[in-house]
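The values are calculated or read from the model by the stated rules, or taken from the named source; none is laboratory data. Note that the coordinates shown come from a computational prediction; the quantities given were computed from them, not determined experimentally. Here the Cβ positions follow ideal geometry from the backbone for every residue, glycine too, while neighbour counts run over all protein chains shown.
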Amino acid sequence: MSAPRLAVLLAALATLVIAAPPTTAVAQTRAASPAAAAKQWAPPRTPWGHPDRQGTYTNKDESGIPMEKPDNVSAKAPDDVEDSEFADIVRERNKQTAARAPQAGGITGAGPTHWYENYDAKNSRLWLVVDPSGKIPPETEDAKKRAAARAAERARSGRGEADSWTDRSLYDRCISLSVPGSMTPKIYGNSYEIVQSPDAVVIRYEMIHEARIIPLDSRPQIASSIKQYMGDARGRWEGNTLVVETTNFHPAVNNRGATESLRLIERFTPVSPNKVEWSVTYDDAKTWTRPWTWAMQLTRDESQAIFEYGCHEGNYGLRNILSAARAEEKAAQK
């Protein structure tokens, strides 16, 4: 994070007052099923007749939710979990988040608890995977062979994780979080702005300052030989739900080991005036034995305006990763 952005963020966060520690303040926003909630509420329309999804959203309250169903949860489905058990689990998650903050003895070195946007998150669910049954399906044999080959090549080359900036992720290098990485909660930068026109939807992401243009005009997708960090998206309306299918991901995007055949299907379903149920389906028969889906809520909140993300102007994280690796090498030679 650049120094100017950090200063702005800290100035804003300095006004926050935490009313009670997470062990006592657990006001939950547990989600109803999208289908049931959508039946009870009709979203407004744009002047050209599309469901109006425009505004500023945040996912900060979804922070800390594990991707898969925790092994210590006996319920087979989210609705089987009692409200009291749900509250206890989320309270424990917030307690663990607070323990990682420096003022509570944590090791991040990133400042006191109230700097964290995801502190005291009001989780809407206990796990993210909604199909199948809370667990990511098994990988194919081909996927396992690819992973083993990558590990063997890395070992053979002798390269370290920080021999060069090219060994680091696109996120470390302030280039891209791709999709769905740009949707996932972080400790800060959790805002989105959605803007619509008759033939497109645009999503601006606070993290990594990306803007994603989703055409709605049924134009053909670009040639499969053209790869992009954010992929090639095409959108359509199915009732009140915006459906977005994305392909053509750049090979540098490590989407859970998926191949270039990966197709992501997102659904943005309004469930109340300030809530959108967002889900994404991974479809890659070369990597998983069946498609699978995870979901979370986006909360409309105009107070969560997008800050400038000046990462390239002050990427101290990447510089420190590389310099620390060189220091470790020198120490090993002594």
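The figures follow:
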read-out: Near pairs, Cβ below 9 angstrom, 6+ apart or cross-chain, from segment 41-68 (farther than 15 Å from Lys275 by Cβ) to any residue that is part of a loop (DSSP other than H, G, I, E, B) and among the small types (Gly, Ala, Ser); value: Ser63/Ala121; Gly64/Ala121; Ile65/Ala121; Ile65/Ser124; Glu68/Gly134
read-out: Segment 243-274, residues that are of a type in the set (Val, Ile, Thr) and in contact with a strand residue (DSSP E or B) (Cβ under 8 Å, 6 or more places away or on another chain); value: Val243, Val244, Thr246, Thr247, Ile265, Thr269, Val271
read-out: Total residues in segment 284-325, condition modelled with pLDDT of 95 or more and over 21 Å from Ser182 (Cα atoms); value: 6
read-out: Test: Arg267 is part of a loop (DSSP other than H, G, I, E, B), of a type in the set (Lys, Arg) and either within 27 Å of Glu62 (Cα to Cα) or under 21 Å from the mean Cα position of the chain (by Cα) (or both); value: no
read-out: Qualifying positions in segment 278-334 - among the hydroxyl-bearing types (Ser, Thr, Tyr) and either more than 26 Å from Arg146 (Cβ to Cβ) or crowded, with 19+ Cβ neighbours inside 10 Å (or both); value: Ser279, Tyr282, Thr287, Thr299, Ser303, Tyr309, Tyr316, Ser323
read-out: Strands (runs of 3 or more DSSP E) contained in segment 158-246 and holding at least 1 residues more than 18 Å from Tyr282 (Cα to Cα) and in contact with a Ser or Thr (Cβ under 7 Å, 6 or more places away or on another chain); value: 191-197, 200-205
read-out: Among residues of segment 272-295, those that are more than 20 Å from the chain's Cα centre (by Cα), in a strand (DSSP E or B) and hydrophobic (A, V, I, L, M, F, W, C), counted; value: 1
read-out: Restricting segment 47-86 to residues that are in a helix (DSSP H, G or I) and buried (at least 16 other Cβ atoms within 10 Å of the Cβ), the residue that is modelled with the lowest pLDDT; value: Pro78
read-out: Qualifying residues in segment 214-252 (those that are exposed (fewer than 13 other Cβ atoms within 10 Å of the Cβ) and within 30 Å of Glu308 (Cα to Cα)) - the one modelled with the lowest pLDDT; value: Pro251
